[in-house]
Amino acid sequence: MTKVCLTLTVLVTALFGTGASTAHAETGAEAWLRYSHLSPQDAKRYERLPGTTILLGDSLLLKTARQELASGIAEMSGRTLGEGVNLPQDGAIVMGKVSDLRAFAPGLVLPPELRADGFWLKSATIHRVQCLVIAGTTDRGVLYGTFALLSKMARAESFNALDEIQQPYAPIRWVNQWDSLSGKIERGYGGPSIFFADGKVRSDLTRARQYARLLASIGINGCTVNNVNADLGILDDGMITQIGRIADAFRPWGVQLALSVDLSSPKAVGGLDTFDPLDPRVAEWWRKKVDEIYQKIPDFGGFVVKADSEGRLGPSSYGRTHADAANVIARALKPHGGVVFYRAFVYNHHLDWHDLKNDRAKAAYDNFHPLDGAFDENAIVQIKNGPIDFQVREPASPLFGGLRRTNEAVELQITQEYTGQQRHLCFLVPMWKQVLDFDMQVDDKSTTVKGLVAGRVFHRPTGGFVGVANVGMDANWLGSPMAMANLYGFGRLAWNPDLSAETIIDEWTRLTFGGDPLVVQTINTMQLASWHIYESYTGPLGVGTLTNITGNHYDPGPESSEENGWGQWHRANHTGIGMDRTVATGTGYVGQYSAAVQKEYESLANCPDNLLLFFHHVAYTHVLHNGKTVIQHVYDSHYDGAERAAEFVAKWRALQGHVDEERYRDILTRFEYQSVEAKVWRDAICSYFYRMSGIPDAKGRVADKGVRSYGENPLTPPVQSDIRPKVP
Ligand code: GCV
């Protein structure tokens, strides 16, 4: 299997860089850009598609767009597009900026002003000839319009009377990679880095080019290539020259490259005796370093900074604020148009857990709310979706509603660190949507998280969406073909957070597996149910994490997530469970929300069951809104979740013969593994709470299986990567 994958990878790699794809070797490498040959019936819809492209301009991005269109159409329909300058009698596909279209087709009524990178797809008559227009406000917009058109064709949507405007919800639509120069990826489950190996940039950057193409196809316009726990060597002169090669690979796809940097760099590698952000020598150091970067990478995007967090140095070393730290870098970037993302993931990981008022969840708001208005206009505070750390369910971080005069971006985690590490199916779009749609009710007005981060609520100059992706060298990018729905979904939501999870998964499934109704219906249903199922057999009722928090963040480990400084999670004891975060009797975290949201979370009566244990400590016998006691719900949820996870196997088996054999087998093995793993979780967690509470399961299923909280799974999923955590 591995050998086959490798051989196919080489084949794909050889052909894929320019946008041309292969004869569809089913490794998952092409992800949603498969451009499968259309059935004769579907192909009929596109018979009248013009056979010539006319490009209004000659920029690199426009040329990329034309090439992508030509190769996509050739693969799907077998037709070869010609390239023209003048309109032929049988029409043309006209591609260019709206501003250039005005001159080319003066009679055409153009759409009202679009935002940057927006596009217009229009079936139009130009000079009495029937044409198809792909127009963008920017060259990047034309490329995005091209991908949108090809996606429609791949899903057999008609182009008749096409008249569609799309524009991005926010200017920032970035991914972060947590790659280190050694080639390892922190929390990466899809193989080693596509950018770095052995302390250097890889000599072959084919995968980086392919990645940029995938990102562009879903509207992502920036990528930070190295870990937020940044290697100090990333800013070495020689390294910047090497990194320039990655930027070259990204450029044709309109993806800006950015770097994570360590705040202590001026001292650690810059030869200064300080990194105090208010020291003029430090400001000068950053200015020179940034100038040097822009000389080599003129379209450089900017920096991401993790400071005073999990052992990284920060402004507290000099009694300075996070705004001081962000601004010294922002000012160096400003003349070049770059931005700095300053992460709000700042907390004390040595909290005294004996003190019940201590609460890691409060940290981001406590640290950043007082600094509102102190950040420069090209600084963006990057905020994780929840107040803790990418758990299976958290409320939206109150910090989103706590900044009015500061740019914000939401940080979502595509790589499934706490949600099954790509070995379990867990489609995260429904979870992300709950956060993005959450109404913070600032000033008693409708103020959704998506509106806040996009800068729409408080009229900020920039902001948006960041996803921690962590793709790797595995042929299928994330280690599992099904997990790619999360990367696709992130891009689609960053482009348009109003899209429903149903729409997004339906697009993804059709593009990834084709339009067979049984396949589409089965995969869509499984994906849409998967987050809830995973939550049911791992950590229901908003209990946070029950995973092994001090180890691999994967196995069940409810004991490990208590009584340590890294955070207080579930506070289970012999009488009750949950973390009291109320204002009245708890840590006071609830007080960080607007008054209207506080009302929802502060009282047991209003708090939704699915977040109960995040906000309240209750007796095991407390009765939920759904009528069950907490302990019985815990038991039932784990049994139900494990059963539903096991059903994935039979559902998938029904697709044999409808999905190519290679992906069919690969995914089947994963579901078989997951079905066993879900039972391991069920037994570990039920057993733990039975020991804790002493209350038997009303249905007689639960027994005390001993203190070791996780069992053995004899199955292993197919592993393409050599750096996955080992199954215990
Ligand atoms: C990159 C969590 C992860 C870390 C990660 C950190 C962060 O703690 O476990 O691996 O570090 O978040 O987001 O900075």
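The values are calculated or read from the model by the stated rules, or taken from the named source; none is laboratory data. It should be emphasised that the depicted structure is a prediction, and the values quoted were computed from it without experimental measurement. Virtual Cβ from ideal backbone geometry, glycine too; neighbours counted across all protein chains shown.
From the list D248, D231, which one is within 16 Å of the ligand (Cβ to nearest atom), modelled with pLDDT of 95 or more and charged (D, E, K, R)? It would help to see each step written out before you state the result.
Details: D248 fails: within 16 Å of the ligand (Cβ to nearest atom).
That would be D231, the only listed residue that is within 16 Å of the ligand (Cβ to nearest atom), modelled with pLDDT of 95 or more and charged (D, E, K, R).
Could you list all residues from the range 440-465 that are without any contact (Cβ under 8 Å) to a residue 40 or more places away in the chain and not in a loop (DSSP other than H, G, I, E, B)? T448, G451, listed by residue number. Among the residues of the range 393-421, the ones that are more than 14 Å from the ligand (Cβ to nearest atom), over 15 Å from F341 (Cβ atoms) and aliphatic (A, V, I, L, M) come to 1 in all.
In the set (1) touching a Leu at 6+ places or on another chain (Cβ under 8 Å); (2) within 30 Å of F648 (Cα to Cα); (3) not small (G, A, S), the condition left unmet by V392 is number (1). Selection of the range 324-360 for residues being away from the ligand (no atom under 14 Å from the Cβ), modelled with pLDDT of 95 or more and crowded, with 20+ Cβ neighbours inside 10 Å yields A325, A326, N327, V328, I329, A330, A332, L333, G338, V339, V340.
Please indicate, with yes or no, whether at least one residue in the range 6-24 is modelled with pLDDT of 95 or more, over 17 Å from W477 (Cβ atoms) and not aromatic (F, W, Y). No, because not a single residue in the range 6-24 is modelled with pLDDT of 95 or more, over 17 Å from W477 (Cβ atoms) and not aromatic (F, W, Y).
Looking for something crowded, with 18+ Cβ neighbours inside 10 Å, among the small types (G, A, S) and in contact (Cβ under 8 Å) with a residue 60 or more places away in the chain - is there at least one such residue anywhere in the range 564-583?
Filtering the range 564-583 for residues crowded, with 18+ Cβ neighbours inside 10 Å gives 566-572, 576-582.
Applying the additional criterion that residues be among the small types (G, A, S) yields 567, 572, 576, 578.
Going one step further and asking which of them are in contact (Cβ under 8 Å) with a residue 60 or more places away in the chain, we end up with 567, 572.
Yes, the range 564-583 contains a residue that is crowded, with 18+ Cβ neighbours inside 10 Å, among the small types (G, A, S) and in contact (Cβ under 8 Å) with a residue 60 or more places away in the chain.
Would you check which residues across the range 304-322 are assigned to a helix (DSSP H, G or I) and within 26 Å of the chain's Cα centre (by Cα) and list them? Spell out the reasoning first.
Taking the range 304-322 as the starting set, the residues that turn out to be assigned to a helix (DSSP H, G or I) are 315-318, 322.
Once the filter is applied, which keeps residues that are assigned to a helix (DSSP H, G or I) and within 26 Å of the chain's Cα centre (by Cα), the range 304-322 yields only H322.
Among the residues of the range 408-438, which ones are of a type outside the set (A, V, I, L, M, F, W, C) and within 11 Å of the chain's Cα centre (by Cα)?
Here is the first cut: in the range 408-438, the residues of a type outside the set (A, V, I, L, M, F, W, C) are 408, 411, 413, 415-424, 430, 433-434, 437.
Within the range 408-438, E411, Q413, T415, Q416 qualify.
Against the numbered list (1) in contact (Cβ under 8 Å) with a residue 60 or more places away in the chain; (2) more than 22 Å from E164 (Cβ to Cβ); (3) surrounded by 14 or more Cβ atoms within 10 Å (Cβ to Cβ); (4) of a type in the set (A, V, I, L, M, F, W, C), L60 comes up short only at (3).
Could you look through the range 540-573, keep only residues that are within 16 Å of the ligand (Cβ to nearest atom) and of a type in the set (G, A, S), and pick out the one that is nearest to the chain's Cα centre (by Cα)? Out of the qualifying residues, it is G544. Which one is surrounded by the fewest Cβ atoms within 10 Å (Cβ to Cβ) among residues in the range 368-387 that are part of a loop (DSSP other than H, G, I, E, B) and within 16 Å of the ligand (Cβ to nearest atom)? This residue is G386.
This table checks each residue for (1) in contact with a Cys (Cβ under 6 Å, 6 or more places away or on another chain); (2) surrounded by fewer than 19 Cβ atoms within 10 Å (Cβ to Cβ); (3) in a strand (DSSP E or B).
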site	(1), (2), (3)
E157	no, yes, no
E164	no, yes, yes
R173	no, no, yes
G190	no, no, no
A216	no, no, no
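One line per residue, one yes/no per condition, for (1) closer than 21 Å to I172 by Cβ; (2) hydrophobic (A, V, I, L, M, F, W, C):
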residue	(1), (2)
P335	yes, no
V339	yes, yes
A344	yes, yes
Y347	no, no
L356	no, yes
D359	no, no
D366	no, no
P370	no, no
Q382	yes, no
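So which residues in the range 521-568 are of a type in the set (V, I, T), out of contact with any strand residue (DSSP E or B) (no Cβ under 8 Å at 6 or more places or on another chain), assigned to a loop (DSSP other than H, G, I, E, B) and under 19 Å from A678 (Cα atoms), if there are any at all? Quick ask: steps written out before the conclusion?
At the first step, the residues of the range 521-568 found to be of a type in the set (V, I, T) are 522-523, 525, 533, 538, 543, 545, 547, 549-550.
Narrowing the set further to residues that are out of contact with any strand residue (DSSP E or B) (no Cβ under 8 Å at 6 or more places or on another chain) leaves 522-523, 525, 533, 545, 549-550.
Still in the list and also assigned to a loop (DSSP other than H, G, I, E, B): 545, 549-550.
Passing the criteria: T545, I549.
Only a single item in (1) surrounded by fewer than 24 Cβ atoms within 10 Å (Cβ to Cβ); (2) in contact (Cβ under 8 Å) with a residue 12 or more places away in the chain; (3) under 24 Å from G479 (Cα atoms) is not met by S203, and it is number (2).
If I ask for residues that are within 16 Å of the ligand (Cβ to nearest atom) and outside any loop (DSSP other than H, G, I, E, B), which ones from the range 466-489 would you list?
The answer is V466, G467, V468.
Of all residues in the range 672-728, how many are modelled with pLDDT under 50 and either surrounded by 21 or more Cβ atoms within 10 Å (Cβ to Cβ) or part of a helix (DSSP H, G or I) (or both)?
Quick first cut of the range 672-728, residues modelled with pLDDT under 50 only: 709, 718-728.
When the remaining residues are screened for being either surrounded by 21 or more Cβ atoms within 10 Å (Cβ to Cβ) or part of a helix (DSSP H, G or I) (or both), the result is 709, 720, 724.
Going through the range 672-728 one residue at a time, the tally reaches 3.
Taking every residue in the range 248-276 that is among the acidic types (D, E) and pairing it with any residue that is assigned to a helix (DSSP H, G or I) and buried (at least 21 other Cβ atoms within 10 Å of the Cβ), at least 6 positions away or on another chain, the pairs with Cβ-Cβ distances below 6 Å are D276/V282.
Taking the condition of a type in the set (A, V, I, L, M, F, W, C), outside any loop (DSSP other than H, G, I, E, B) and within 16 Å of the ligand (Cβ to nearest atom), does F390 pass? Show your work before the answer.
Values: of a type in the set (A, V, I, L, M, F, W, C): yes; outside any loop (DSSP other than H, G, I, E, B): no; within 16 Å of the ligand (Cβ to nearest atom): yes.
So F390 fails the test.
Let me confirm something: among W495, W477, W508, W432, which residue is of a type in the set (F, W, Y) and at positive phi? Reasoning before the result, please.
Details: W495 fails: at positive phi; W508 fails: at positive phi; W432 fails: at positive phi.
Every option except W477 fails the conditions.
If you go through the range 196-224 and keep only what is within 16 Å of the ligand (Cβ to nearest atom) and over 27 Å from R115 (Cα atoms), you end up with just F196. Determine whether K122 is closer than 16 Å to Y35 by Cα and out of contact with any helix residue (DSSP H, G or I) (no Cβ under 8 Å at 6 or more places or on another chain). No; evaluated as a whole, the condition is false for this residue.
Among the residues making up the range 248-265, those that are among the small types (G, A, S) and not in a helix (DSSP H, G or I) are G254, A258, S260, S264. Scanning the range 291-320 for residues that are closer than 24 Å to N348 by Cβ and away from the ligand (no atom under 16 Å from the Cβ) gives P315, S316, S317, Y318, G319, R320. Look at G515 and say whether it is outside any helix (DSSP H, G or I) and within 16 Å of Q656 (Cα to Cα). Yes, satisfied.
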